[in-house]
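Okay, structure first, notes after.
The values are calculated or read from the model by the stated rules, or taken from the named source; none is laboratory data. The structure displayed is predicted, hence computed values, not measured ones. As a convention, Cβ positions derive from the backbone with ideal geometry for all residues, glycine included, and neighbour counts pool all protein chains shown. Side chains are part of the model used for accessible areas, which takes the heavy atoms of the whole protein and leaves out ligands, DNA and RNA. Shrake-Rupley method; radii C 1.70, N 1.55, O 1.52, S 1.80 Å.
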Amino acid sequence: MNDVVVVGAGPVGLLLAAELRLVGVDVTVIERAAARSPHSKALTLHPRSLEVLAMRGLAGPFVREGVPMPTGHYGGLPVRLDFSVLDTRFPYTLVLPQLRTEQLLEERLRELGGEIRWEHRALRVRQDADGAEVDVAGPDGTYTLRAAWVVGCDGAGSTVRSSAGIDFPGTRATTTGFLGDVVLDAPPSAPSVDNEHGGFLVVPLADGHHRIAGTTGESLAIPADQPLTFDELRGYVRQVAGTDFGMRAPRWLSRFGNASRQAARYRDGRILLAGDAAHMHMPMGGQGLNVGLQDAFNLAWKLAAVCQGRVPEGLLDTYHAERHPVGAALLENTQAQTMLGAT
Ligand SMILES: Cc1cc2nc3c(=O)[nH]c(=O)nc-3n(C[C@H](O)[C@H](O)[C@H](O)COP(=O)(O)OP(=O)(O)OC[C@H]3O[C@@H](n4cnc5c(N)ncnc54)[C@H](O)[C@@H]3O)c2cc1C
């Protein structure tokens, strides 16, 4: 029997598994995808996430590759947040695509002897007094994994959460934003454009592309699952800025919604949740991945200590007690920013 099964090899599952391996916990990671997505939802690592990585001596490669941004926006307001006043070794937001964050965390997991079972999808979980089981569909058929603990790091649509019967109360998406990773031949000098027609951020990526993400009055009502076309993106940008900045070569076009939900319990007996499986929200201020990494860091040492019989399992209740309020504040913060951005 494994000590822990981690469901989902996104950034949160990867950091959690690596932290568990660091102290010798026997962990199996299953991931439904056949390979990592080349598209990066997140682009940012915030000071506290970098501090957490630095505690393990891991911040170096992230900082070397990322681009530090000393200021950020709040809800698209013109006055920028000044990170340089923070009491930290990392007084900035680091712009680093999620893909690279995941690759660096996966490298760390491998160095510690961990492995990922790609194309292994959790179908359902159940638990008894001594452990928990995950039914898994893999390339060679269906099988059951048994472990002392199962952690759902399987994102906003978490199978672990729904199968465990953990409520996910909140609000459904009522507005959406647009996102495009494109080449801009004549990018704007300002990091955002905002006026009565709408607004968008323009974030330069290290590989010569730019991320454009924003809303217009017209785009807000389009369902998140309706594909975004390049002409549509170009139209929104022209409508707000009067130019498309020489936009071409779209690499990824997508939409994101403002559904805002939080798991009622981060622990149900032998089943735990972390990251987007525990909280979903509009990606305002680039926070979800960061909060998820900090969930993982909070949970890992506690779970390791329980697995190794060093502390009573009641310690795991402090994970919910400490991280649920952080998730609740995250939802409030992103809802406030969404309201500001939409007015
Ligand atoms: C447009 C956009 C921009 C964003 N920008 C930022 C940003 O700049 N900064 C930031 O901090 N956050 C940002 N976020 C949020 C961030 O991307 C997420 O918070 C982050 O990906 C959460 O990581 P996770 O590991 O919890 O979940 P995910 O990244 O969703 O990973 C979950 C993994 O579980 C796997 N999985 C799902 N179901 C199963 C199953 N049944 N069995 C096995 N595997 C399964 C999935 O394939 C996936 O690999 C953004 C989000 C969006 C949509």
(request) Scan region 123-163 for residues that are aliphatic (A, V, I, L, M) and closer than 30 Å to Phe256 by Cβ and jot them down. (result) Leu123, Val125, Val134, Val136, Ala137, Val150, Val151, Ala156, Val160
(request) Tell me which residues, restricted to region 257-277, are in a loop (DSSP other than H, G, I, E, B), more than 8 Å from the ligand (Cβ to nearest atom) and not charged (D, E, K, R). (result) Asn258, Ala259, Ala263, Ala264, Tyr266, Gly269
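Is it true that Ala9 is assigned to a loop (DSSP other than H, G, I, E, B), assigned by TED's automatic domain parsing to the domain that holds His120 and within 15 Å of the ligand (Cβ to nearest atom)?
Criteria met by Ala9.
Right, Ala213: part of a strand (DSSP E or B), within 19 Å of His197 (Cα to Cα) and not assigned by TED's automatic domain parsing to the domain that holds Gly286 or not? First the steps, then the outcome.
On the way: part of a strand (DSSP E or B): yes; within 19 Å of His197 (Cα to Cα): yes; not assigned by TED's automatic domain parsing to the domain that holds Gly286: yes.
Criteria met by Ala213.
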(message) Can you find, within region 139-151, the residue that is farthest from the chain's Cα centre (by Cα) among those that are in contact (Cβ under 8 Å) with a residue 40 or more places away in the chain and within 13 Å of the ligand (Cβ to nearest atom)?
(response) Leu145
(request) Hey, could you check region 127-148 for residues that are open to solvent by less than 10 Å² (accessible area, probe 1.4 Å) and not in a loop (DSSP other than H, G, I, E, B) and say which is farthest from Tyr266 (Cα to Cα)? (result) Val136
(message) I need the full set of residues from region 286-324 which are more than 8 Å from the ligand (Cβ to nearest atom), open to solvent by less than 30 Å² (accessible area, probe 1.4 Å) and either among the polar types (S, T, N, Q) or farther than 19 Å from Gly13 by Cβ (or both), in order please.
(response) Asn298, Ala305
(request) Considering each of Val150, Val136, Val125 in turn, give the residue that is of a type outside the set (Phe, Trp, Tyr), in contact with a His (Cβ under 7 Å, 6 or more places away or on another chain) and assigned by TED's automatic domain parsing to the domain that holds Leu45. (result) Val136
(message) For region 221-248, give me the residue count where each residue is on the phi > 0 side of the Ramachandran plot and open to solvent by less than 50 Å² (accessible area, probe 1.4 Å).
(response) 2
(request) Specify which of the listed residues (Arg124, Arg108, Arg100, Arg117) is touching a residue at least 40 places away in the same chain (Cβ under 8 Å), among the charged types (D, E, K, R) and not in a helix (DSSP H, G or I). (result) Arg117
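Does region 33-41 contain at least one residue that is surrounded by 24 or more Cβ atoms within 10 Å (Cβ to Cβ) and either over 19 Å from the mean Cα position of the chain (by Cα) or modelled with pLDDT of 95 or more (or both)? Explain how you work it out, then say what you get.
Going residue by residue through region 33-41, those that are surrounded by 24 or more Cβ atoms within 10 Å (Cβ to Cβ) are none.
The answer is no, given that none of the residues of region 33-41 is surrounded by 24 or more Cβ atoms within 10 Å (Cβ to Cβ) and either over 19 Å from the mean Cα position of the chain (by Cα) or modelled with pLDDT of 95 or more (or both).
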(request) List the number of the failed condition for Ala122; all other conditions in (1) open to solvent by 50 Å² or more (accessible area, probe 1.4 Å); (2) touching a helix residue (DSSP H, G or I) at 6+ places or on another chain (Cβ under 9 Å) hold. (result) (1)
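Identify all residues within region 149-167 that are outside any strand (DSSP E or B) and small (Gly, Ala, Ser); write none if there are none. Please lay out each step first, then the result.
Pass one, region 149-167, residues outside any strand (DSSP E or B): 153-167.
Passing the criteria: Gly155, Ala156, Gly157, Ser158, Ser162, Ser163, Ala164, Gly165.
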